[in-house]
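One structure is given below, encoded as structure tokens.
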Amino acid sequence: MQIVNKQIQFEGVPAAVIAEKYGTPTYVYEEKRIRENFRRAVAAFTKHYPNFRMFYAIKCCNNLAVANILRQEGAGIDAASVNEILLAKAIGLGGEDVMFSGNFLSDDDIRQGLESGVIFNLDDASLLPRVLKFGKPELISFRINPGFGDSGIGEFVTNAGPKAKFGIHPEHVVAAYKAAKDAGIKRFGAHMMPGSCMTDPEYFARVTGMLMDIIGKTGRELGIEFEFVDLGGGLGIPYKEGDETLDIDKTAQRIAETFRTKVAEYGLKPPRLMMEPARYFVGDAGYIVGRVHAIKDSYQRIVGTDVGMNTLARPAMYGSYHHILVNGREDEARKPVGLCGQICENTDFWVKHRPLAEGIAVGDLVVVENAGAYGYTMSYQYNGRLRPAEVLVSEGKHYLVRERETFEDLVRNVHVPAHLAPKV
Ligand code: LLP
């Protein structure tokens, strides 16, 4: 994103062009930025540990245009559900290019997951007999709760440790792999996803060490080798001025050092190292272009836009900060205002007090930053508000990559029994 003659642009495409052509609110993704983010991360990890593979957790932005960019760059896909496996297949990925990390799966999920032929990553040992009912995978991975996790989003996204619902308790890990080995499974991997949006290299080193201690002991005790160890995602981005920027090289270096030390300590055959981040690739490459529709002076000044909790759920869900720019006015003096969407809930009043351009007026465009990850995929239709459009920008061109929903989408799957239908 740049500001040229006061006008906000995305890879050379003015926000005003996006608003004019596609309406508001609209999600915008910058192709170049996604590629740069991915390349930076892969370069850092392969530099410090060449036997490395990067996956993309498609849950954070499941637009197939975005997923195809990452596929072109060499990413595999981390899928959280059967439908996400199907999204991976829709971009031509399957087999060991896809990791299926569901949790609390139904029998149907398990059967379809197995039939899909992707890497099955089990969230608990209790799933194994249920998998075996449908067939025996050649390769199995378990998601391990290393006993500790952390998150830059607070407890909301801390996915390991005693309070998390995910992964296998450290004391149950040996039994899980033993059951798999006894069932005749020959190939093994291991996985964790301890938390999201972290920027401290030492955190990554610590949690990698904890996981490797569990894996090392398991390998020793059972005489099994691990083909891969997947450290999950969690590479953070700054949202607010003053937030730490992740030192990706240092992070990769500290992870690789810890990994090698533990591999040597336990005499493991060096596994392939894998990660499956998401936010780091698309978070800062995505924006929402919205419009100011009304301004109210009440107990305070409230700027009403079409970017609400339905468009971007993170502020209302987690209290997350997203930076907001006002098109054409970024060099004006600032005055504190509130800002909200159009939903009938007060959690939609998602900015209570923020210095924005003092001349902000009805009709202005606002641009919400860092909306690429967990933005569109977490949007919903509450109050009959429809999901926005998604646009990809690349080298001065813009492409509609998902249409804005219409009223038909609101009633698409709804059936009214005949005795309730109005007589026309
Ligand atoms: N792998 C697994 C198994 C995951 O559950 C996740 C995210 C990732 C990878 C990617 O994590 P990342 O690199 O993006 O940290 N909705 C929240 C974030 C939830 C994260 C869920 N799992 C937010 O808006 O901040």
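The values are calculated or read from the model by the stated rules, or taken from the named source; none is laboratory data. Not measured: the values here are computed from a predicted model. Because the Cβ atoms are built from the backbone with ideal geometry, glycine has one as well, and the counts that use them run over all protein chains shown.
Being crowded, with 17+ Cβ neighbours inside 10 Å, assigned by TED's automatic domain parsing to the domain that holds T46 and either within 15 Å of the ligand (Cβ to nearest atom) or on the phi < 0 side of the Ramachandran plot (or both) is true for just one of P277, P270. Which residue is that? Spell out the reasoning first.
Details: P270 fails: crowded, with 17+ Cβ neighbours inside 10 Å.
On inspection, the qualifying residue turns out to be P277.
Considering each residue of region 42-63, count those that are in contact (Cβ under 8 Å) with a residue 40 or more places away in the chain and either away from the ligand (no atom under 16 Å from the Cβ) or closer than 21 Å to F228 by Cβ (or both), and give that number. Show your work before the answer.
Our first condition is that a residue be in contact (Cβ under 8 Å) with a residue 40 or more places away in the chain; within region 42-63, this holds for 44-45, 47-49, 51-63.
From the residues that got through so far, the ones that are either away from the ligand (no atom under 16 Å from the Cβ) or closer than 21 Å to F228 by Cβ (or both) too are 44-45, 47-49, 51-59.
Residues that pass the stated criteria total 14.
Answer yes or no as to whether V362 is in the same structural domain as Q7 (by TED's automatic domain parsing) and surrounded by fewer than 19 Cβ atoms within 10 Å (Cβ to Cβ).
When the stated conditions are applied, V362 passes them.
Has region 258-267 got at least one residue that is touching a residue at least 40 places away in the same chain (Cβ under 8 Å) and buried (at least 22 other Cβ atoms within 10 Å of the Cβ)?
yes
Looking at (1) under 18 Å from the mean Cα position of the chain (by Cα); (2) more than 16 Å from the ligand (Cβ to nearest atom); (3) of a type in the set (F, W, Y), can you tell me which one Y177 breaks?
If we test Y177 against (1) under 18 Å from the mean Cα position of the chain (by Cα); (2) more than 16 Å from the ligand (Cβ to nearest atom); (3) of a type in the set (F, W, Y), just (1) comes out false.
So which residues in region 156-168 are surrounded by 15 or more Cβ atoms within 10 Å (Cβ to Cβ) and either out of contact with any Asp or Glu (no Cβ under 7 Å at 6 or more places or on another chain) or more than 30 Å from A316 (Cβ to Cβ) (or both), if there are any at all?
V157, N159, A160, G161, A164, I168
Does region 103-112 contain any residue that is in contact with a Ser or Thr (Cβ under 8 Å, 6 or more places away or on another chain) and assigned to a helix (DSSP H, G or I)?
yes
Within region 115-134, how many residues turn out to be touching a Phe, Trp or Tyr at 6+ places or on another chain (Cβ under 8 Å), outside any loop (DSSP other than H, G, I, E, B) and more than 22 Å from K165 (Cβ to Cβ)?
Count: 2.
Identify, please: which residue in region 280-309 is part of a strand (DSSP E or B) and within 16 Å of the ligand (Cβ to nearest atom) and is, among those, farthest from G363 (Cα to Cα)?
This residue is G286.
Residues of region 242-257 being among the hydroxyl-bearing types (S, T, Y) and either away from the ligand (no atom under 16 Å from the Cβ) or touching a residue at least 60 places away in the same chain (Cβ under 8 Å) (or both), which ones?
Answer for region 242-257, where residues must be among the hydroxyl-bearing types (S, T, Y) and either away from the ligand (no atom under 16 Å from the Cβ) or touching a residue at least 60 places away in the same chain (Cβ under 8 Å) (or both): just T251.
Determine, yes or no, whether F166 is part of a helix (DSSP H, G or I) and within 11 Å of the ligand (Cβ to nearest atom).
Answer is no for this residue.
The rows are residues; the columns are (1) in contact with a strand residue (DSSP E or B) (Cβ under 7 Å, 6 or more places away or on another chain); (2) surrounded by fewer than 24 Cβ atoms within 10 Å (Cβ to Cβ); (3) at pLDDT below 95.
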| site | (1), (2), (3) |
| --- | --- |
| T24 | yes, yes, no |
| E36 | no, yes, no |
| K47 | no, yes, no |
| N51 | yes, yes, no |
| Y56 | yes, no, no |
| L64 | no, yes, no |
| E73 | no, yes, no |
| S81 | no, yes, no |
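Which residues, counting only those in region 225-239, are within 19 Å of G147 (Cβ to Cβ) and near the ligand (Cβ under 9 Å from one of its atoms)?
D230, G232, G233, G234, listed by residue number.
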